[in-house]
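For reference, the structure discussed in these notes is given below.
The values are calculated or read from the model by the stated rules, or taken from the named source; none is laboratory data. All figures in this text were calculated on a predicted structure; none of them were measured in a lab. All Cβ positions, even for glycine, are placed from backbone atoms using ideal geometry, and neighbour counts span all protein chains on display.
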Amino acid sequence: MYHSIYVIENILNGKVYVGRTQYDMRLRWNAHVQLPSRKTALGRDVIELGAASFTIRLIDTANGALEAAKKERLYTHLLESNVPQFGYNSPRIYPWPVE
């Protein structure tokens, strides 16, 4: 099944979030901005700053869930989105190295 790996960027401070979905990327975007969670740094910033402060873009695709997970982890580290001053991904969920 086709998967999308995407980046959400805060255009005000440059922080990024790397994610993946097997669904339409725009549906996933809507979930991030219409139902933001106060439990996540990304969600708190969406609530505080509004959806207009963020962009989303496709950065890669994958043919299955395992490949998508590996690519998500790789891009998380390449973009340092698991480092709090640069991004929104959790350093606990996305440890290094990529296997």
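Condition first: without any contact (Cβ under 8 Å) to a residue 12 or more places away in the chain and over 17 Å from GLY87 (Cβ atoms). Now tell me which residues in the range 48-63 satisfy that.
GLY50, ALA52, listed by residue number.
Please name all residue pairs, on different chains or six or more residues apart, with Cβ atoms under 9 Å, provided the first residue is in the range 32-47 and is free of Cβ contacts under 8 Å to residues at least 24 places away in the same chain and the second residue is of a type outside the set (Ser, Thr, Tyr) and surrounded by fewer than 13 Cβ atoms within 10 Å (Cβ to Cβ).
Listed pairs, sorted by first residue: VAL33/GLY50; GLY43/LEU35; ARG44/ARG38; ILE47/ARG38.
State all residues of the range 32-67 that are in a strand (DSSP E or B), under 19 Å from GLY14 (Cα atoms) and of a type outside the set (Ser, Thr, Tyr); if no residue qualifies, say none. It would help to see each step written out before you state the result.
Of the range 32-67, the ones in a strand (DSSP E or B) are 54-62.
Subsequent filtering for residues that are under 19 Å from GLY14 (Cα atoms) retains 54-59.
Answer for the range 32-67, where residues must be in a strand (DSSP E or B), under 19 Å from GLY14 (Cα atoms) and of a type outside the set (Ser, Thr, Tyr): PHE54, ILE56, ARG57, LEU58, ILE59.
So TYR23 ticks every box in (1) assigned to a strand (DSSP E or B); (2) aromatic (Phe, Trp, Tyr); (3) surrounded by fewer than 16 Cβ atoms within 10 Å (Cβ to Cβ) but one. Which box is left unticked?
(1)
Out of curiosity, is LEU12 surrounded by fewer than 18 Cβ atoms within 10 Å (Cβ to Cβ), hydrophobic (A, V, I, L, M, F, W, C), on the phi < 0 side of the Ramachandran plot and part of a helix (DSSP H, G or I)?
Taking the combined requirement at face value, the residue does not satisfy it.
Within the range 70-93, track down each residue that is part of a loop (DSSP other than H, G, I, E, B), in contact (Cβ under 8 Å) with a residue 12 or more places away in the chain and of a type in the set (A, V, I, L, M, F, W, C).
Within the range 70-93, LEU79, PHE86 qualify.
Being among the basic types (Lys, Arg) and modelled with pLDDT under 95 is true for just one of LYS70, LYS15. Which residue is that?
Only one candidate qualifies: LYS70.
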